Amino acid sequence: MLLIQGKLVSKEIVEEAFVCNLNACKGACCWEGDFGAPLEEAELDILKAIQNALAPYLTEKGMDAIKKQGPFKWSDEAGHFGTTLVENGPCAYMTYAENGIAQCGIEQAWKAGVVEFRKPVSCHLYPIRVMKNPVVDFEALNYDRWDICSAACELGKELKEPVYRFLKEALVRKYGQEFYDELDIAAQHLLAGGKQE
């Protein structure tokens, strides 16, 4: 593990390669899984506030699920709030591009300049998952392996792109430029010394 600004960062985030390959997976992370995308507490109020602005960017089924269940749901099993799901399947905020690839309706509204919130930071950071324990002020960044992302791992290896570099924008959004710069220096030092246990 690396310690960056008091946060534990798994060495896999530095050593493993990853570049989303949407042509291969079609955005399967938007409809696979048992829970909605994890949401931070601050994101709950944001989602509530932007519902009307998001409506034109969502599917009818998605809007119906949100109307019936709310913009997010608590999961006892997962232990966090997550985005609402359509019939325990796709994320309610999922839409499709013309090429059939799943995309985030929230992000489409953001790209159009309709909302300032891009999308849940957990989606932006994937395949990094953040584990927190606020009681002891503990935060760890871990690499999440998911078989639907095998094509992303292959493309990452082909392009020689480590997870943390692929996710630079998301990491800067979440933790700031200084955090990323420190991580990059530590990563280069680690990689120069070869993989270690």
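The values are calculated or read from the model by the stated rules, or taken from the named source; none is laboratory data. The structure presented is a predicted model; accordingly, all values stated were derived computationally and were not measured. No Cβ is skipped: glycine too gets one built from the backbone with ideal geometry, and neighbour counts run over all protein chains shown.
Tabulated values for the structure
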| quantity | calculated |
| --- | --- |
| Filter pass, Leu47 being over 15 Å from the mean Cα position of the chain (by Cα), surrounded by 15 or more Cβ atoms within 10 Å (Cβ to Cβ) and at pLDDT below 95 | no |
| Every residue from the range 123-154 that is in contact with an Asp or Glu (Cβ under 8 Å, 6 or more places away or on another chain), crowded, with 16+ Cβ neighbours inside 10 Å and part of a helix (DSSP H, G or I) | His124, Cys153 |
| Those residues of the range 1-19 which are out of contact with any strand residue (DSSP E or B) (no Cβ under 7 Å at 6 or more places or on another chain) and buried (at least 18 other Cβ atoms within 10 Å of the Cβ), in sequence order | Ile4, Phe18, Val19 |
| Tabulated pairs, the range 101-118, first touching a residue at least 12 places away in the same chain (Cβ under 8 Å), second exposed (fewer than 14 other Cβ atoms within 10 Å of the Cβ) and of a type in the set (S, T, N, Q), C-beta under 9 angstrom, 6+ apart or interchain | Ile101/Asn23 |
| Residue check, Gly62 touching a strand residue (DSSP E or B) at 6+ places or on another chain (Cβ under 6 Å) and surrounded by 19 or more Cβ atoms within 10 Å (Cβ to Cβ) | no |
| Selection from the range 40-92 of residues that are part of a loop (DSSP other than H, G, I, E, B) and farther than 15 Å from Cys30 by Cβ | Glu40, Ile50, Gly70, Pro71, Asp76, Glu77, Ala78, Gly79 |
| Pairs where the first residue, in the range 179-197, is on the phi < 0 side of the Ramachandran plot and the second is at pLDDT below 80, C-beta under 8 Å, 6+ apart | Leu190/Gln196 |
